[in-house]
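The values are calculated or read from the model by the stated rules, or taken from the named source; none is laboratory data. All figures in this text were calculated on a predicted structure; none of them were measured in a lab. Here the Cβ positions follow ideal geometry from the backbone for every residue, glycine too, while neighbour counts run over all protein chains shown.
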There are 2 protein chains.
Amino acid sequence: MTTATDTAYDRLLAISREAGLLGSIDGLLGWDQETTMPPGGAVHRAKQLALIARLSHERLASAEVGDLLAACEDAMDVSADTVEAANLRAIRHDHDRAVRLPATLVEEIAATASTAQHEWAEARAASDFDRFRPWLEKTVDLCRRKAECYGWASDGEPWDALAEDYEPGCTAAGVAEVFGPLRDRLRTLLDEIADADTRPSGRLDEIELPEAAQMAFSREIAEAIGFDFSRGRLDRSTHPFCGGSHCDDVRMTTRFHPAMVTDALSSTMHESGHGMYEQGLPYEHIGTPCGHSVSLGIHESQSRMWENQVGRSASFWRWAAPKLAAHFGDAVAGIDAELAYQSANRVVPGFIRVEADEATYNMHVMIRFELERALMTGDLPVADLPTAWNEKYREYLGVEVPDDRRGCLQDIHWSMGALGYFPTYTLGNLYCAQFFESACDAIPGLVDGFAEGRFQPLLDWLRENIHRHGRRHSPAQLCERVTGRPLSADPLMRHLEAKFRPLHGI
Amino acid sequence: MTTATDTAYDRLLAISREAGLLGSIDGLLGWDQETTMPPGGAVHRAKQLALIARLSHERLASAEVGDLLAACEDAMDVSADTVEAANLRAIRHDHDRAVRLPATLVEEIAATASTAQHEWAEARAASDFDRFRPWLEKTVDLCRRKAECYGWASDGEPWDALAEDYEPGCTAAGVAEVFGPLRDRLRTLLDEIADADTRPSGRLDEIELPEAAQMAFSREIAEAIGFDFSRGRLDRSTHPFCGGSHCDDVRMTTRFHPAMVTDALSSTMHESGHGMYEQGLPYEHIGTPCGHSVSLGIHESQSRMWENQVGRSASFWRWAAPKLAAHFGDAVAGIDAELAYQSANRVVPGFIRVEADEATYNMHVMIRFELERALMTGDLPVADLPTAWNEKYREYLGVEVPDDRRGCLQDIHWSMGALGYFPTYTLGNLYCAQFFESACDAIPGLVDGFAEGRFQPLLDWLRENIHRHGRRHSPAQLCERVTGRPLSADPLMRHLEAKFRPLHGI
């Protein structure tokens, strides 16, 4: 490598770090907005966020970055398995996409999303799809224009161009190939469950428990599994999320219901999974691609692992159930590990995604994927969405959607223009199950250790195999490296069948 | 005004608003750092703040701003009493100062301040002035170089160039002219108090009260005097402050001691005064000079007015004392309005500025002003500071400073390079007393109204006469406009004498 290349690469990294720093400020502004900001601050906050987004985009899309990339690519083997090559590939990827999107379209998308979100919230409150319909039509149209700017492979489709923002390398055909067998096998399991005579008890979630005690319990669990509170926070918000600005400043939130303490706990463990991934990113590369998470799907694999593979396991509850009495006293008398485990694993097919159990959750996601794919090809006109939605819920989950508020208006994503996002939730579950099988192979007694509060071996394994690599590998590459196989529906189905058949006496 | 000028002016304002938006982000990052940030976030936060400061400075100091200013000044009467002319004068003022400071010096000052603050904290903890001495020497040297870049009037001195950052138009000679009579008359009052046989009771501040109840009490009072919680917050921090990012998002903090509820209350009312000033700035001009506060001195006049003229008045306590029982129950039995008023007004000469009472407070500030002025001229070598400090405390306040921790190492300001800052505290008290006399003249029954919870007339008067003008007038101009007279020590001394003589039976 020549000195000139060193200089070009260094300058490129400096620009990347500056864009990263701006992104980290965006992270704090967003967290504050959801947790702390007084209501009057909303208008000004939108202006702050828009400025940071513009400054970030200017850095990424600049002609200087294009020139620096060209200079580095001339002098280096960008396909090499090195940090430098991985950084170049990622910056090239992001630069090309940023350049392809005209500023006027970016602004139109942002302005439309802002109004569409407001109209969606009003429409949802009134369960009035017709109010939202023109905005969804406009959003789908803008998404098509965006996809055209980005482009897609000759054997691909417009949806692929959108999904690339969330899950690099992801295509509709590739997703369908994994989702198809998952749906069929899941349908079989759900049928078995529906026909079973045995049902897990929900007793723990029928007890009202004070919020302060639920928070203290949540904090203890988050700390025990490995979230570092000297480098992060846990607060309360309506919709739990994990944000913040740096591996040393991770902000996560959870939620509480008077009853349903297992919901607070699973939210906390889910966000802790995201948070521990962020805390585990390599410090020295923060602000560059190799210091960034891989994708939304891989991020979700981390959250789901702590939520489901750990937090909904019988072994975990043998350790956690005895702690219930210390936090909640006589109110939880008689709740032992077995009852708590059952409460955390009740299966009830419903029509609300964010309230879904582990067994039915992926059906919700697959329905959305199939519908948004059809919206993008034009096979499904927006006006027909409610009917198509309700039919799929009948077919896949056997439930009757009572109204659009609890049907196709329930999620915010499409109003934000985030088509292509939903599958990352199920991809996360799939990656998670496949990673976890590898972790179990690598660490003898891993699951049994949960019963004694031994979570560090799993966290160490995740740090070593996933976190410390940042965005060095693509999702597909990472999956092959960690598990030796391409992504498949088998590990997730093995996990679900092994858990839910015994719980239902099957 | 020609169209070309309109365009130049509009472009100038757009740049000003962008710099303002960056400043508002700085405000949120700073607030979060003091209230919410996990300890691990400190290093990254410093990088975020440095980036925002650089982006802000780039906008203010750019050649484009110089050209736009020149174009506008050619076409407009910049001495006119209009919003446009005031904006031009202020942007010219800030641009010229930003340009005069070389980037290398700015960086050296920032880097030195960062280390010096750390060394100061360590030195203070160990009460070891020698540890801090080399850093203060370096800081004073950098301040001299900074002053030389800025320049000062032929009849002025280097200190003036520094003070201009905090109090535009302020000079050491001008400050000395007002502080001289203030010091003499204050010395007389303090001697009278020292000789008096009567002492106000401190009974209310001897009662330990739970923090949660103190917070609820503080919030009730802040809301009652006019702080708008839909556009702001009150949290807890070690050192109370008011920050935030916009007139619609004002973040203030207060502090609590187990006993001393009047301290929590005066901190809250003080910060509420700052906060209501920010909330009262003209919305349409936010981000431009006419949407910004005038100076630190004027800002302090607002905080002191609610803290002292309102919150330490007998009339206020006739309204507030009956609320004590609702918040604190039997613990405050027997505390009536008179006892509470006395507790809020005990005079105890001490050596800690931030714990000083209303009567002695300004002595602390005047001592610092005299010392930093001498540090800047070179008449006082840094090595002689502790001795000079202790002598002045003996002379002005009659107290023996026990050690440097409680002496010349007690304040953070000089370690941050903020020489020229201290006088704004006493200028604030002076402006406050002079403004308040004008308010009393304009609003019959103003003070009596406090006893019935009528605070709105004072807030309306401040909105009308001070807040809504932003930075349109200089501090001196504003004082003349509002009170018809230049700043003088008389109103403050009249206020202090009228209060403290009767309280001490004089």
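The residue that is surrounded by the fewest Cβ atoms within 10 Å (Cβ to Cβ), counting only those in segment B:201-232 that are under 18 Å from B:Gly273 (Cβ atoms) and in contact with a Pro (Cβ under 9 Å, 6 or more places away or on another chain), is B:Phe229. Only helices (runs of 4 or more DSSP H) whose full extent lies in segment B:1-109 are considered here, and the ones with at least 2 residues that are touching a residue at least 40 places away in the same chain (Cβ under 8 Å) and within 13 Å of chain A (Cβ to nearest Cβ) are B:3-35, B:42-61. Per the conditions (1) buried (at least 21 other Cβ atoms within 10 Å of the Cβ); (2) touching a residue at least 24 places away in the same chain (Cβ under 8 Å), the sole criterion not satisfied by B:Trp389 is (2). Residue pairs whose Cβ atoms lie under 8 Å apart, sitting 6 or more positions apart in sequence or on different chains, and linking a residue in segment A:347-360 that is under 13 Å from A:Phe500 (Cβ atoms) to a partner that is among the polar types (S, T, N, Q), are A:Val347/A:Thr360; A:Val348/A:Thr360; A:Pro349/A:Thr360; A:Asp357/A:Asn345; A:Glu358/A:Asn308; A:Glu358/A:Asn345.
Hey, which of the helices (runs of 4 or more DSSP H) in segment A:291-346, taking only ones fully inside, have at least 1 residues that are in contact with an Asp or Glu (Cβ under 7 Å, 6 or more places away or on another chain) and crowded, with 24+ Cβ neighbours inside 10 Å? Ranges flagged: A:296-304.
Within segment A:194-223, the residues that satisfy the criterion of being out of contact with any Ser or Thr (no Cβ under 9 Å at 6 or more places or on another chain) and among the aliphatic types (A, V, I, L, M) are A:Ala194, A:Ala196, A:Ile207, A:Leu209, A:Ala212, A:Ala213, A:Ala216.
Table: residues versus (1) modelled with pLDDT of 95 or more; (2) over 20 Å from A:Gln477 (Cβ atoms).
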position	(1), (2)
A:Leu69	yes, yes
A:Ala80	yes, no
A:Asp96	yes, no
A:Leu101	no, yes
A:Ala111	no, yes
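Cβ-Cβ distances below 6 Å connect the following pairs, each with a first residue in segment A:478-506 that is touching a residue at least 60 places away in the same chain (Cβ under 8 Å), a second residue that is loosely packed, with under 14 Cβ neighbours inside 10 Å and outside any helix (DSSP H, G or I), and a separation of six or more residues or different chains: A:His504/A:Thr198; A:Gly505/A:Thr198. Selection of segment B:102-128 for residues being of a type in the set (A, V, I, L, M, F, W, C), under 30 Å from B:Glu73 (Cβ atoms) and more than 25 Å from the chain's Cα centre (by Cα) yields B:Ala103, B:Leu105.
Can you pull out the residues in segment A:79-91 that are closer than 17 Å to A:His285 by Cα and in contact with a helix residue (DSSP H, G or I) (Cβ under 7 Å, 6 or more places away or on another chain)? Walk me through how you get there before you give the answer.
Initially, segment A:79-91 is screened for residues closer than 17 Å to A:His285 by Cα, giving A:81-91.
Result: A:Val83, A:Glu84, A:Ala86, A:Asn87, A:Leu88, A:Ala90, A:Ile91.
Kindly indicate the residue of segment A:246-256 that is within 14 Å of chain B (Cβ to nearest Cβ) and part of a loop (DSSP other than H, G, I, E, B) and also nearest to the chain's Cα centre (by Cα) among those meeting that condition. That would be A:Cys247. Is it the case that A:Gly243 is outside any helix (DSSP H, G or I), within 14 Å of chain B (Cβ to nearest Cβ) and buried (at least 22 other Cβ atoms within 10 Å of the Cβ)? It is true that A:Gly243 is outside any helix (DSSP H, G or I), within 14 Å of chain B (Cβ to nearest Cβ) and buried (at least 22 other Cβ atoms within 10 Å of the Cβ).
Of everything in segment B:488-506 that is closer than 21 Å to B:Gly174 by Cβ and under 20 Å from the mean Cα position of the chain (by Cα), the residue that is surrounded by the fewest Cβ atoms within 10 Å (Cβ to Cβ) is B:Ser488.
Evaluate the following for A:Leu430: is it outside any loop (DSSP other than H, G, I, E, B), surrounded by 15 or more Cβ atoms within 10 Å (Cβ to Cβ) and touching a Gly at 6+ places or on another chain (Cβ under 7 Å)? Considered against the rule, which asks whether it is outside any loop (DSSP other than H, G, I, E, B), surrounded by 15 or more Cβ atoms within 10 Å (Cβ to Cβ) and touching a Gly at 6+ places or on another chain (Cβ under 7 Å), A:Leu430 comes out as no.
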